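Reviewing the structure listed below.
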Amino acid sequence: MSHVTTGGCLCGGLRYAAAGVPDNAGLCFCADCRKASGGAGIGFMGFSSSALTFSGAARQYVSKSARGSDAVRNFCPVCGSLVFGGIVGTDTDHTIYAGSLDDPAVFVPQIVIFNRDRPVWAPLPAGLSVFEAMPD
């Protein structure tokens, strides 16, 4: 049996389950992630869309990513919690936001992206690969 990571919004209306280990995990300090989270940045975990199941209603907010493509953030229309990124049924992978995890201990960041935008008051955990912008 593979490991399943679960999570969702504050009110429980928007949920997900991800099978297996994430393809990547890290911290993003870009301006979009700071504004969307209301904090220093966002912890994220990337999963293939085939590993994920979603339940409940989601609303989307679309902005331009650093690469110029659309960045789609999904949030609960009831409580407003930011839960995941990507378009279900279209994208081949999705970003799960670490703040939405049922068990926050499963989040083990490996990288930092957009470190150039990290607030001076936000410390970095030791041992992470740090990128000043989006890595290639």
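Under the rule of at least 5 residues apart or a separate chain, name every residue whose amide H is placed under 5 Å from the amide H of Val21.
none
Give me the Debye-computed log₁₀ of I(q)/I(0) at q = 0.12, 0.14, 0.18, 0.21 Å⁻¹ for the stretch 4-130, equal point scatterers on Cα only, no solvent, two decimals.
Scattering profile of the stretch 4-130, log10 relative to I(0): -0.42, -0.57, -0.98, -1.34.
Taking amide H positions as placed in the peptide plane 1.01 Å from N, state which residues far from Asp93 in sequence (5 or more) or on other chains have amide H under 5 Å from it.
When sequence neighbours closer than 5 places are left aside, the close amide H contacts are Ser49.
If you take the square roots of the eigenvalues of the alpha-carbon gyration tensor of the stretch 53-95 and sort them as a ≥ b ≥ c, do you get rounded (a/c under 1.5), prolate (a/b over b/c) or oblate?
It is oblate, given that a/c is not under 1.5 and a/b is not larger than b/c.
How far is it, in nm, from the label point at Thr53 to the one at Cys79 when both lie 7 Å from their Cα along the line to the Cβ?
It is 2.1 nm.
I want to check the label-to-label distance for Val130 and Ala40. Put each point 7 Å from Cα in the C-beta direction and report it in nm to one decimal.
1.2
Provide the net charge surrounding Ser48, with neighbours chosen by a C-beta distance below 11 Å and charges set as Lys +1, Arg +1, Asp -1, Glu -1.
With Lys, Arg at +1 and Asp, Glu at -1, the net is -3.
Mind listing the phi-derived Karplus ³J(HN,Hα) values for the stretch 46-61, rounded to whole Hz, using 6.51, -1.76 and 1.60 with θ = phi - 60°, and x for any glycine or proline?
x, 10, 5, 4, 5, 8, 10, 10, 10, 9, x, 7, 10, 10, 10, 10
Per DSSP H run of at least 4 residues, take -39500 (n - 2.57); add these up for the chain, divide by its residues and hand me the 222 nm value, nearest 500 deg cm²/dmol.
My calculation for the chain gives -1500 deg cm²/dmol from helical runs alone.
I need the peptides 42-48, 84-90, 117-123, 54-60 ranked by packing, meaning the mean over residues of other C-beta atoms within 10 angstrom, with the highest value on top.
Going by the mean number of other Cβ atoms within 10 Å, highest first, we get 42-48, 84-90, 54-60, 117-123.
How far, in nm, would the chain grow between Ile87 and Asp70 when pulled straight, counting 0.36 nm per residue and subtracting the alpha carbon separation?
Gain on extension, Ile87 to Asp70, equals 5.1 nm.
Around Phe131, under 12 Å between beta carbons, what's the net of Lys plus Arg minus Asp minus Glu among the other residues?
-1
What distance in nm lies between label points placed 7 Å from Cα along the C-beta direction at Ala19 and His3?
That separation, rounded to one decimal, is 1.7 nm.
Coordinate-derived values only; no laboratory data. Since the model is a prediction, treat every value here as computed from it, not as a measurement. So basically every Cβ, Gly included, is an ideal-geometry build from the backbone, and we count neighbours across all protein chains shown.
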